[in-house]
Amino acid sequence: MANSPSVQDAQKAFVYGYPLVYNLREIGNFVSGAGSMPMKSPLNGFGAARELLGPETKFVTPNNDTLYILAMCDLRSGPLLLEVPDTSGRYFVLQMVDAWSNNFAYVGTRATGSGSGRFVLTHHGYSGDVPTGAQVIEAPTGVIAIVGRVQVYGVADLPAVRALQD
């Protein structure tokens, strides 16, 4: 029985695999509309929360001073072009999360500025064409999530933020 799996091996496998299984389930739930956020979108498209979220939302701990914009992306069949508008100094972030739930890149006020930009999202090792002026962001996994947040300065500011989401 020297080669049989032990309880410790099973525990290690669980700890290793849990983030991947959990995150891929969350991605699938978001795409199907069964996720914890009050929106959905197809793969490679953005879904936007149009109202501020409250404690009823079961997504980790949602901010209540930003509107969320999320996308679940499949880069395995090719790169995606992400175009970001000029936010005129308004805080925003697009947090890139790999299939293992690791943050691997950020686009936003602190990382790339508040001006417009073009980014090519690729699976690791991509060597194809890149549009002029676009920055390449290589993902360590073929399936990723983009968790975006845009600053809201109160209920009266919601229309301006919705326009940026669009």
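The values are calculated or read from the model by the stated rules, or taken from the named source; none is laboratory data. Given the structure is predicted, the values throughout are model-derived calculations rather than measurements. Don't worry about glycine lacking a Cβ; one is built from the backbone with ideal geometry, like all the others, and counts go over all protein chains shown. Just the protein is used for accessible areas: all its heavy atoms, side chains included, with ligands, DNA and RNA removed. Shrake-Rupley method; radii C 1.70, N 1.55, O 1.52, S 1.80 Å.
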(request) Can you work out which of the residues in the stretch 96-130 that are under 23 Å from R25 (Cα atoms), among the polar types (S, T, N, Q) and at pLDDT 95 or above is surrounded by the most Cβ atoms within 10 Å (Cβ to Cβ)? (result) T122
(message) Taking the conditions exactly as written (touching a residue at least 12 places away in the same chain (Cβ under 8 Å) and small (G, A, S)), does A134 satisfy them or not?
(response) yes
(request) Name the residue, out of P42, P55, that is free of Cβ contacts under 8 Å to residues at least 60 places away in the same chain, assigned to a loop (DSSP other than H, G, I, E, B) and over 30 Å from S127 (Cβ atoms). (result) P55
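Every residue, every condition in (1) open to solvent by 50 Å² or more (accessible area, probe 1.4 Å); (2) in a loop (DSSP other than H, G, I, E, B), yes or no:
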| position | (1), (2) |
| --- | --- |
| A10 | yes, no |
| A13 | yes, no |
| S36 | no, yes |
| E51 | yes, yes |
| A71 | no, no |
(request) Return the pairs, sorted by first residue and then second, in which the second residue is charged (D, E, K, R) and not in a strand (DSSP E or B), the first residue lies in the stretch 142-166 and is at pLDDT 95 or above, the beta carbons are less than 7 Å apart, and the residues are 6+ apart or on different chains. (result) G142/R76; V150/R90; Q151/D65; Q151/R90; V152/D65; R162/R50
(request) List the number of the failed condition for P62; all other conditions in (1) free of Cβ contacts under 8 Å to residues at least 40 places away in the same chain; (2) in contact with a His (Cβ under 8 Å, 6 or more places away or on another chain); (3) in a loop (DSSP other than H, G, I, E, B); (4) of a type outside the set (G, A, S) hold. (result) (2)
(message) For the stretch 53-69, give me the residue count where each residue is open to solvent by less than 30 Å² (accessible area, probe 1.4 Å) and either closer than 30 Å to G128 by Cα or of a type in the set (F, W, Y) (or both).
(response) 2
(request) Sort through V120, V107, V97 and tell me the only one that's free of Cβ contacts under 8 Å to residues at least 40 places away in the same chain and in a strand (DSSP E or B). (result) V107
(request) Just name the residue that is farthest from P42 (Cα to Cα) out of those in the stretch 139-163 that are in contact with a Phe, Trp or Tyr (Cβ under 7 Å, 6 or more places away or on another chain) and buried (at least 16 other Cβ atoms within 10 Å of the Cβ). (result) Q151
(request) Quickly run through the stretch 15-34 and pick out the residues that are open to solvent by less than 40 Å² (accessible area, probe 1.4 Å), in contact with a Ser or Thr (Cβ under 9 Å, 6 or more places away or on another chain) and within 22 Å of D166 (Cα to Cα). (result) F30
